[in-house]
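Visitor: The structure is given below, and queries will be raised subsequently.
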Amino acid sequence: VSRPEVPSLDQLAGKRIGYHAPGSQTEIFARSLVREKAPEVFDKVKFLALEESSRRAQAMEAKRLDASSLEAINLAQLRKQGGYHELGTWADLSSEAEKVLGSAWTTEDFYDANKDRLSEFVRSMQGGYDRFYADKDAWVALAAKTLPDVDQTLLPGVYDVYRKQAMYPKAGTPALTP
């Protein structure tokens, strides 16, 4: 996500991009996105660690950061103000970074010892993902019940961010590995 005056990745030269912490998924994502989509500015960007998405969103509002990896709720808050740009998502990455960011990990020994439990877990998760894609109103209602302290007007926007990014796997999509 970027400030209103930075509408595209190629305009990040000389700008500050925030991420959660060194080695975090948000750092891998931010660096990979710029490296892949705007390599000409990669060495001209200053990457800065600032924990917590809400703090990075506040830093963007205060013009202390020009762009940042943010949680969907913080993106929805900034969109409500207008002018902020979504510069990319995990789905935009073509490199190995996308696979690292979007995968679940286990050891072969744990998998072998717990195959039935893990398979049931994955089936259950997929059922939840399928319900997400099928019913926005139900997702927003559950989110409102589960997160009563969150600004309820932001929840439809959060859903829209997740849906646009295809945040969750869809039934019938092959796994990256067996």
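The values are calculated or read from the model by the stated rules, or taken from the named source; none is laboratory data. The structure presented is a predicted model; accordingly, all values stated were derived computationally and were not measured. Backbone-built Cβ (ideal geometry, glycine too); neighbour counts: all protein chains shown. Only protein heavy atoms, including side chains, enter the accessible area calculation; ligands, DNA and RNA are left aside. Shrake-Rupley method; radii C 1.70, N 1.55, O 1.52, S 1.80 Å.
Visitor: Determine the gain in length on full extension of the stretch Ala134-Lys164; use 0.36 nm per residue of separation and subtract their C-alpha separation, reporting nm with one decimal.
Guide: Working: separation 30, 0.36 × 30 = 10.80 nm, distance 1.38 nm.
Once the chain is fully extended between Ala134 and Lys164, it gains 9.4 nm.
Visitor: Compute, for Glu27, the solvent-accessible surface of its heavy atoms (probe 1.4 Å) with the complete set of protein chains present, and express it in square angstrom to the nearest 10.
Guide: Its accessible surface works out to 30 Å², give or take rounding.
Visitor: Related question: State whether the chain is rounded, prolate or oblate according to the following rule on the C-alpha gyration tensor (a ≥ b ≥ c being the square roots of its eigenvalues): a/c under 1.5 gives rounded; otherwise a/b larger than b/c gives prolate, and the remaining case gives oblate. Mind dumping the intermediate values first?
Guide: Working: a/c = 2.17, a/b = 1.34, b/c = 1.61.
It comes out oblate by the Cα gyration axes.
Visitor: Using amide H atoms built 1.01 Å from N in the peptide plane, name the residues 5+ places from Phe47, or on other chains, whose amide H lies under 5 Å from its own.
Guide: Here the answer is Ile17, since their amide H atoms fall under 5 Å of that of Phe47.
Visitor: Using a 1.4 Å probe on the protein heavy atoms only, what accessible surface does Thr89 show? Give it in Å² to the nearest 10.
Guide: Thr89 exposes around 20 Å² with every protein chain in place.
Visitor: Using a Förster distance of 41 Å, how high is the FRET efficiency between Ala91 and Lys63, based on the Cβ-Cβ distance and rounded to 0.05? Don't jump to the answer; show the numbers that get you there.
Guide: Working: r = 29 Å, r/R0 = 0.70.
Approximately 0.90, to the nearest 0.05.
Visitor: Can you pull out the trypsin sites (Lys or Arg not before Pro) in the range 8-74 whose DSSP state is coil and whose Cβ has at most 15 other Cβ atoms within 10 Å? Present the calculation step by step, with values, prior to reporting the outcome.
Guide: On the way: sites: Lys15, Arg16, Arg31, Arg35, Lys37, Lys44, Lys46, Arg55, Arg56, Lys63, Arg64; in loops: Lys15, Lys63, Arg64.
Those that pass, being in a loop and sparsely packed, are Lys63, Arg64.
Visitor: While we're here: Relative contact order for the range 17-76: what is it in percent, counting Cα pairs under 8 Å that are at least 6 residues apart?
Guide: On the way: 70 pairs, mean separation 26.0, N = 60.
The value is 43 percent.
Visitor: Moving to a separate point now. To the nearest 10 degrees, how steep is helix 72-81 against the longest Cα principal axis of the chain, on a 0 to 90 scale?
Guide: Compared with the principal axis, the helix lies near 40 degrees.
Visitor: Could you tell me the distance between the Cα centroids of the range 1-69 and the range 120-173, to the nearest Å?
Guide: 26
Visitor: Counting each DSSP H run of 4 or more residues in the chain as -39500 (n - 2.57), what helix-only mean residue ellipticity at 222 nm follows after dividing by all residues, to the nearest 500 deg cm²/dmol? List each step's numbers first, then the result.
Guide: Numbers: 8 runs with 85 residues, N = 178.
Counting only the DSSP helices, I get -14500 deg cm²/dmol.
Visitor: For Gln25 and Gln152, what does the FRET efficiency come to when R0 = 30 Å and r is the distance between their Cβ atoms, rounded to the nearest 0.05? Let's see the in-between values first.
Guide: Values: r = 28 Å, r/R0 = 0.92.
That pair, Gln25 with Gln152, gives E of 0.60.
Visitor: Taking Cα pairs under 8 Å and at least six residues apart, what relative contact order does the chain come out at, in percent?
Guide: About 24 percent, as a whole number.
Visitor: Between Phe47 and Gln81, with labels modelled 7 Å along Cα→Cβ, what's the label distance in nm to one decimal, could you check?
Guide: Inter-label distance under the simple model: 2.5 nm.
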